[in-house]
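Peer 1: What follows is a single structure, and I will ask about it in a moment.
The values are calculated or read from the model by the stated rules, or taken from the named source; none is laboratory data. Fair warning: this is a prediction, and the values are worked out from it, not measured in the lab. Here the Cβ positions follow ideal geometry from the backbone for every residue, glycine too, while neighbour counts run over all protein chains shown. Heads up: the accessible areas ignore ligands, DNA and RNA and are worked out on the full protein's heavy atoms, side chains in. Shrake-Rupley method; radii C 1.70, N 1.55, O 1.52, S 1.80 Å.
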Amino acid sequence: MRRVSTDMPNTDMQYYLRRQEDSIHNLQSQLASGSRLNQLRDDPLAATHAVRHKSYLARLERFESNALYAKDHFNQIDIYLQRSLDVLHRIRELAVTGANGIYSREDTRHMGIEVNELLKELVSISNAVGPDGLQLFAGDRAFSEPFRIVEGTIADWGDMLVVNVEYRGSGPHRRTEISEGTYTNLDIGGGEAFWAERMQIFSQVDASGWRATETGAFFINGHEIPVMTGDTLPSIVAKINESGASVRASVDPQSRGLVITGTNPHLIRMEDRQDSRTLEELGIIQFNNDPGAPNWSPSARVAGGSMFDMVIRLRDALFRGDTMFVGGLGIGGIDSAMGNIRTRITDVGSRQERVMMSWHKINEEIPNVTAMLARESAVDMINVATNLGMMDIAHRASLQTAARIIPQTLLDFLR
């Protein structure tokens with residue numbers, strides 16, 4: 001009986017055929033995916049570069065989306081600020097008319113009625129909701145109305161009128177990243193957009209002998225100001241002035257208490273940190289469970305009103321027929337509100353311009369990064385298709401050759 005010498009030719013043929021099939025599979029995968037880096041071992045260095053390019057490209061696309069959202073958001077804010085400015089123009093026209101002194105008290109009351117309706121329209125604008133369902137002027141309390149109307153009666157009119165408009169918005173503004181490490185504020189709070197005068201808060205507590213007994217902190221317009229044990233009123237004043245908040249602090253020479261003055265028309269927001277009572281001890285604020293409600297200390301004197309305060313003051317003067325007040329402080333208050341609105345419109349326009357510049361820069365950078373990624377991972381379709389065709393021919397020839405040279409075994413005769 002003859003011995004079968006070896007299986008080596010068969011093994012070698014199978015090995016090289018599998019290598020050919022693996023190469024054909026890789027070429028087919030490259031054609032299907034459009035990338036020559038389907039596995040890290042294909043080209044480790046190129047794969048490393050490609051991963052970095054893909055990550056950076058994904059961030060650029062996110063920045064582009066953020067910039068477009070910010071642009072649309074600023075458009076919405078600008079529309080409502082322009083509407084409020086138009087309403088204020090009409091209120092000022094009525095004030096100028098009512099200050100002439102040629103109209104009867106009944107006529108000025110009719111003007112006051114129109115001013116009251118325009119006041120409601122201003123509140124409606126300030127409670128505007130954007131296309132995404134969020135309040136435009138509520139700060140981080142974007143799901144609640146920032147302004148609330150309080151109605152009542154006044155001495156010269158028996159019907160219900162708007163007697164106060166309370167701001168219920170809150171704290172820090174939303175931000176969005178428009179380029180690597182660069183953010184822009186999305187919001188203008190109602191306490192900024194719809195204010196008219198610079199605020200001043202005068203504490204009536206004599207703090208000349210005050211000294212902090214423990215470490216703590218407090219917040220002014222979102223800026224955290226640390227308090228160290230042993231701090232005195234002058235050191236607190238210095239820390240406030242160095243904090244970057246849009247206020248200036250001083251000591252009242254008469255009451256010897258703390259005085260906070262806004263550097264521009266806006267609602268000053270102040271609160272103690274949960275583990276501290278510094279502002280409460282200095283007589284500026286009181287503890288309040290409602291973060292949206294005013295929290296001034298009952299003994300503190302607060303000056304500087306909102307746009308709504310100016311309109312209410314003007315309306316009441318029209319009801320009284322007080323033409324001197326209407327022509328002086330009344331029109332002056334409306335002018336202050338209009339000046340602040342124009343400032344905020346300019347601010348929104350500058351933010352929008354910056355966002356658009358960032359968007360254009362990103363759109364110029366995306367094609368460059370895409371080209372770099374393509375150089376590292378893209379497939380030369382013509383070259384790969386040619387190689388695939390050549391390999392297919394070679395593989396078929398190899399199979400035919402193997403069928404001829406591999407000797408037959410006993411299994412070939414088992415039918």
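Peer 1: Within the set of pairs 6 or more residues apart or between chains, which connect a residue that is touching a residue at least 12 places away in the same chain (Cβ under 8 Å) inside the stretch 212-223 to a residue that is open to solvent by 50 Å² or more (accessible area, probe 1.4 Å) and part of a strand (DSSP E or B) with Cβ atoms less than 6 Å apart?
Peer 2: Pairs found: Ala217/Glu224; Ala217/Pro226; Phe219/Glu271.
Peer 1: Let me ask something additional. When you look at Glu242, is it acidic (Asp, Glu) and within 19 Å of Phe287 (Cα to Cα), yes or no?
Peer 2: Numbers: acidic (Asp, Glu): yes; within 19 Å of Phe287 (Cα to Cα): no.
Against the criterion (acidic (Asp, Glu) and within 19 Å of Phe287 (Cα to Cα)), Glu242 does not qualify.
Peer 1: Could you check, for the stretch 111-121, whether at least one of its residues is under 18 Å from Ala70 (Cα atoms), open to solvent by less than 60 Å² (accessible area, probe 1.4 Å) and not hydroxyl-bearing (Ser, Thr, Tyr)?
Peer 2: Within the stretch 111-121 (the criterion being under 18 Å from Ala70 (Cα atoms), open to solvent by less than 60 Å² (accessible area, probe 1.4 Å) and not hydroxyl-bearing (Ser, Thr, Tyr)), the answer is no, since none of the residues qualifies.
Peer 1: Only residues in the stretch 149-161 that are within 15 Å of Leu122 (Cβ to Cβ) and modelled with pLDDT of 80 or more count as the first member; pair them with residues that are part of a strand (DSSP E or B) and hydroxyl-bearing (Ser, Thr, Tyr), Cβ under 7 angstrom, at least 6 apart or cross-chain, and list the lot.
Peer 2: Correct list of pairs: Leu161/Thr153.
Peer 1: Would the stretch 163-183 turn up any residue that is of a type in the set (A, V, I, L, M, F, W, C), within 30 Å of Glu117 (Cα to Cα), touching a residue at least 40 places away in the same chain (Cβ under 8 Å) and open to solvent by less than 40 Å² (accessible area, probe 1.4 Å)?
Peer 2: Within the stretch 163-183, one or more residues are of a type in the set (A, V, I, L, M, F, W, C), within 30 Å of Glu117 (Cα to Cα), touching a residue at least 40 places away in the same chain (Cβ under 8 Å) and open to solvent by less than 40 Å² (accessible area, probe 1.4 Å).
Peer 1: Now, a different point. For the stretch 95-110, which positions are buried (at least 17 other Cβ atoms within 10 Å of the Cβ) and touching a residue at least 60 places away in the same chain (Cβ under 8 Å)? Outline the logic, then answer.
Peer 2: Going through the stretch 95-110, the residues buried (at least 17 other Cβ atoms within 10 Å of the Cβ) turn out to be 95, 98-99, 103, 108-109.
Of everything in the stretch 95-110, those that are buried (at least 17 other Cβ atoms within 10 Å of the Cβ) and touching a residue at least 60 places away in the same chain (Cβ under 8 Å) turn out to be Ala95, Gly98, Ala99, Thr108, Arg109.
Peer 1: Separate question: Take the residues in the stretch 222-255 that are closer than 22 Å to Glu192 by Cα and part of a loop (DSSP other than H, G, I, E, B), then tell me which one is least open to solvent (accessible area, probe 1.4 Å).
Peer 2: Residue satisfying both the conditions and the ranking: Ala245.
Peer 1: Okay, moving on. Only one of Arg59, Arg92 is open to solvent by 60 Å² or more (accessible area, probe 1.4 Å) and either farther than 20 Å from Leu318 by Cβ or at pLDDT below 90 (or both). Can you tell me which?
Peer 2: Step by step, each of Arg59, Arg92 is checked, and only Arg59 is open to solvent by 60 Å² or more (accessible area, probe 1.4 Å) and either farther than 20 Å from Leu318 by Cβ or at pLDDT below 90 (or both).
Peer 1: Within the group Ile102, Ile125, Ile113, which residue is closer than 23 Å to Arg320 by Cα and either of a type outside the set (Val, Ile, Thr) or not in a loop (DSSP other than H, G, I, E, B) (or both)?
Peer 2: Ile113
Peer 1: Sticking with this one: I need a count of the residues in the stretch 357-415 that are at pLDDT below 70, surrounded by 10 or more Cβ atoms within 10 Å (Cβ to Cβ) and among the basic types (Lys, Arg).
Peer 2: Qualifying residue count for the region: 1.
Peer 1: Separate question: Determine which member of the set Arg320, Arg315 is more than 32 Å from the chain's Cα centre (by Cα) and at pLDDT below 90.
Peer 2: Every option except Arg320 fails the conditions.
Peer 1: Next up: Scan the stretch 293-307 and tell me whether some residue there is of a type outside the set (A, V, I, L, M), over 21 Å from the mean Cα position of the chain (by Cα) and within 19 Å of Arg90 (Cα to Cα). First the steps, then the outcome.
Peer 2: Filtering the stretch 293-307 for residues of a type outside the set (A, V, I, L, M) gives 294-299, 301, 304-306.
Narrowing the set further to residues that are over 21 Å from the mean Cα position of the chain (by Cα) leaves 294-299, 301, 304-306.
When the remaining residues are screened for being within 19 Å of Arg90 (Cα to Cα), the result is 306.
For the stretch 293-307, residues of a type outside the set (A, V, I, L, M), over 21 Å from the mean Cα position of the chain (by Cα) and within 19 Å of Arg90 (Cα to Cα): present.
Peer 1: Now for a separate question. Could you give every pair whose Cβ atoms fall below 9 Å, whose first residue belongs to the stretch 249-268 and is under 15 Å from Ala300 (Cα atoms) and among the acidic types (Asp, Glu), and whose second residue is in a strand (DSSP E or B) and modelled with pLDDT of 90 or more, counting only separations of at least 6 or pairs across chains?
Peer 2: Asp252/Phe202; Asp252/Leu258; Asp252/Val259
Peer 1: Can you pull out the residues in the stretch 293-316 that are touching a Leu at 6+ places or on another chain (Cβ under 8 Å) and assigned to a helix (DSSP H, G or I)?
Peer 2: Of the residues in the stretch 293-316, the ones touching a Leu at 6+ places or on another chain (Cβ under 8 Å) are 306-308, 311-313, 315.
Those that are touching a Leu at 6+ places or on another chain (Cβ under 8 Å) and assigned to a helix (DSSP H, G or I): Met307, Phe308, Val311, Ile312, Arg313, Arg315.
Peer 1: Give just the number: which of (1) surrounded by fewer than 14 Cβ atoms within 10 Å (Cβ to Cβ); (2) touching a strand residue (DSSP E or B) at 6+ places or on another chain (Cβ under 7 Å) does Met270 not satisfy?
Peer 2: (1)
Peer 1: May I ask you to say which residue of Phe308, Phe319 is of a type in the set (A, V, I, L, M, F, W, C) and closer than 20 Å to Arg168 by Cβ?
Peer 2: Residue meeting the stated conditions: Phe308.
Peer 1: Among the residues of the stretch 169-221 satisfying the criterion of being outside any loop (DSSP other than H, G, I, E, B) and of a type in the set (Phe, Trp, Tyr), which is nearest to the chain's Cα centre (by Cα)? So that I can check it myself, show each step before the final result.
Peer 2: Step one: filter the stretch 169-221 for residues outside any loop (DSSP other than H, G, I, E, B), giving 175-179, 182-185, 190-193, 195, 198, 200-202, 211, 216-220.
Checking which are of a type in the set (Phe, Trp, Tyr) leaves us with 183, 195, 202, 218-219.
Numbers: Tyr183: 8, Trp195: 21, Phe202: 33, Phe218: 23, Phe219: 20 Å.
Checking each candidate, the answer is Tyr183.
Peer 1: Restricting the stretch 328-353 to residues that are surrounded by 16 or more Cβ atoms within 10 Å (Cβ to Cβ) and of a type in the set (Lys, Arg), which is nearest to Ala70 (Cα to Cα)?
Peer 2: Within the stretch 328-353, the match that is nearest to Ala70 (Cα to Cα) is Arg351.
Peer 1: Asp206: out of contact with any Cys (no Cβ under 8 Å at 6 or more places or on another chain) and open to solvent by less than 40 Å² (accessible area, probe 1.4 Å), yes or no?
Peer 2: The answer is no for Asp206.
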